[in-house]
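Reviewing the structure listed below.
A short reminder: the numbers here are calculations on the coordinates, not readings from a lab. What you are looking at is a predicted structure, and each value in this text was computed from that prediction instead of being measured. Don't worry about glycine lacking a Cβ; one is built from the backbone with ideal geometry, like all the others, and counts go over all protein chains shown.
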């Protein structure tokens with residue numbers, strides 16, 4: 001604390017403050033996600049914003065309803081529910097019915113956070129838990145993607161389906177790059193993958209902006225750089241090996257990095273401080289495991305996209321990783337005296 | 001054995017709520033999770049369990065003085081299995097469709113730990129009248145729990161209740177709800193609700209008691 005104040009200051013310790021609090025960290029992540037959100041809105045139109053708003057509303061509603069009155073200001077004010085809703089919304093198809101997005105937001109906070117005891121006590125990433133629930137519950141709606149670049153104010157009828165009613169799709173569904181790769185063995189243009197002009201979830205298509213946001217977070221020290229680096233490393237090594245073995249059948253490493261939810265998951269979801277290991281060594285193990293699982297699920301599994309399950313599985317392993325990577329405590333004495 | 005004071009009404013009513021076999025004792029989870037994907041299946045299963053529990057409680061309670069302690073568990077199982085076989089064939093004869101859906105879970109009523117638990121903990125120690133009342137209460141509680149879980153899962157999973165459509169055409173089924181995860185989720189949420197109600201009720205009673213003391 002720099003002070004030119006000549007007066008004697010009497011303050012209770014701690015006198016030095018880092019300035020990083022939960023609300024500020026959450027605000028940083030939201031700021032870092034904003035460019036990707038804007039890009040998603042640009043490519044998919046107003047409907048993307050509406051889906052985001054519905055998922056955020058669901059998350060905030062449950063957070064508000066299940067917090068005791070005296071804690072509500074803090075619980076809503078720390079932006080964590082807002083961030084969970086935003087992250088969940090970014091992984092959803094742009095033409096998803098709004099009521100499903102709302103249910104997803106409710107599940108994310110309700111089953112992913114509140115039930116475990118609130119902020120900081122959950123085992124799984126809430127946004128991904130919400131998405132896993134949605135994918136299991138509404139498998140057709142969750143895998144019907146719409147093409148980018150339609151009119152900005154077009155609102156498809158599926159978006160406005162009444163609660164509990166099936167969506168009716170009026171446009172032909174577009175495949176995601178991952179779906180094309182998996183079911184038709186077709187690659188996608190790398191430039192489109194980089195800027196996000198492909199079918200897919202509304203916030204995960206623009207690789208470049210997601211990386212920029214990640215760099216901002218790294219500069220603000222809000223994320224553990226080891227986790228995304230380790231995930232990318234493992235995925236690149238594994239997919240390169242497969243690509244070298246049979247380049248016609250398996251996707252290359254660049255495609256692996258920039259397609260689907262890889263970057264969104266690696267940079268923003270796997271690094272959730274609550275559900276990732278605390279120790280540096282643990283972070284490496286966590287990241288390498290997640291990277292390996294992504295490629296494994298994408299290439300050999302039944303789903304085209306594996307980021308969600310890879311992170312959720314590693315979330316489940318986090319307590320174990322933390323237990324086995326604790327640094328040795330020096331100066332406590334030992335067997336040899 | 002020293003008999004404790006028994007109150008028939010209390011023995012009956014405890015199984016419905018205060019000592020509900022599913023929500024409080026968390027027994028009989030296997031049929032609870034496996035066959036509650038529709039309300040109809042849940043009711044058939046609940047009624048079959050009801051019959052087996054009441055009949056075997058009656059039998060074991062009346063035979064309690066002739067059953068040697070050393071072999072009591074195997075004898076209980078034989079008696080329970082007899083009634084399960086009866087229930088199995090009755091369902092097969094009257095409701096073949098439901099029997100096909102429930103499949104292996106009807107014979108598995110034999111190993112429902114709620115039933116064996118009631119024999120060991122209650123029926124083999126107390127007079128027949130109370131044993132039957134206890135069994136009716138416990139089985140009623142089980143039926144109630146099966147019905148609650150089955151209804152929630154069927155309404156969300158297929159949009160119907162006892163095969164009567166509730167939402168009209170175009171209902172989007174919540175696929176998870178009729179799959180195993182839906183069973184775990186619904187059971188967990190109902191348990192949560194049950195514990196919450198019990199806690200609030202305890203707090204309320206406490207408050208009433210202190211207020212009365214203050215007067």
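Taking label positions 7 Å along the Cα-Cβ direction at both residue A:11 and residue B:167, the computed distance is 5.6 nm, reported to one decimal. Could you identify which residue out of A:176, A:22, A:91 has the top mean-square fluctuation in a GNM of chain A using Cα springs shorter than 10 Å? With Cα springs under 10 Å in chain A, the top fluctuation among A:176, A:22, A:91 is at A:22. Modelled label positions at residue A:323 and residue B:62, each set 7 Å beyond Cα in the direction of Cβ, lie 5.3 nm from each other. For the listed peptides B:12-25, A:220-233, a ranking on the average number of other beta carbons within 10 Å per residue, highest first, reads A:220-233, B:12-25. Once Rg and the Kirkwood radius are both taken over the C-alpha atoms of segment B:8-214, their ratio Rg/Rh works out to 1.04.
Provide the FRET efficiency to the nearest 0.05 for the residue A:30-residue A:332 pair, computing r from the beta carbons and using R0 = 35 Å. The value I calculate is 0.25. Computed extension gain for residue B:193 through residue B:25, at 0.36 nm per residue and net of the alpha carbon distance, reaches 59.0 nm. Note on A:131-144: average number of Cβ atoms from other chains within 10 Å of each residue's Cβ is 3.
With angles folded into 0 to 90 degrees, how steeply does helix A:307-324 sit against the dominant principal axis of chain A? Use alpha carbons for both and round to 10. So the helix axis and the longest Cα principal axis differ by about 20 degrees.
For segment B:8-214, relative contact order (Cα pairs under 8 Å, six or more residues apart, normalised by length) works out to 35 percent. Each 5 Å bin from 0 upward holds the following percent of the Cα-Cα pairs of segment A:86-127: 6, 24, 30, 19, 13, 7, 1.
Per-residue mean of foreign Cβ neighbours for B:172-185 is 4 (Cβ atoms of other chains, 10 Å radius). Label positions at residue B:13 and residue A:241, each projected 7 Å from the Cα along the C-beta direction, are separated by 6.7 nm. Every helix of 4 or more DSSP H residues in chain B counts as -39500 (n - 2.57), and over all residues that averages to -22000 deg cm²/dmol at 222 nm. Over all projection directions, the Cα-based convex hull of segment A:197-311 averages an area of 7.1 nm². When the inverse distances between all different Cα atoms of chain A are averaged and flipped, the Kirkwood radius reads 20.9 angstrom.
With a Förster radius of 56 Å applied to the beta-carbon distance between residue B:90 and residue A:168, the computed FRET efficiency rounds to 0.75. Percent of C-alpha pairs per 5 Å bin in segment B:45-163, short distances first: 2, 12, 20, 21, 18, 12, 8, 5, 2, 1, 0. For the residues A:300, A:44, A:238, a GNM of chain A with alpha-carbon springs under 10 Å puts the largest fluctuation on A:300. Using just its DSSP H runs of length 4 or more, each adding -39500 (n - 2.57), chain A gives a mean residue ellipticity at 222 nm of -17000 deg cm²/dmol after division by all residues. Comparing B:34, B:139, B:104 in a Gaussian network model of chain B, where Cα atoms under 10 Å apart are tied by springs, the biggest mean-square fluctuation is seen for B:104. Within segment A:254-323, the proportion of Cα pairs with more than 14 Å between them is 54 percent.
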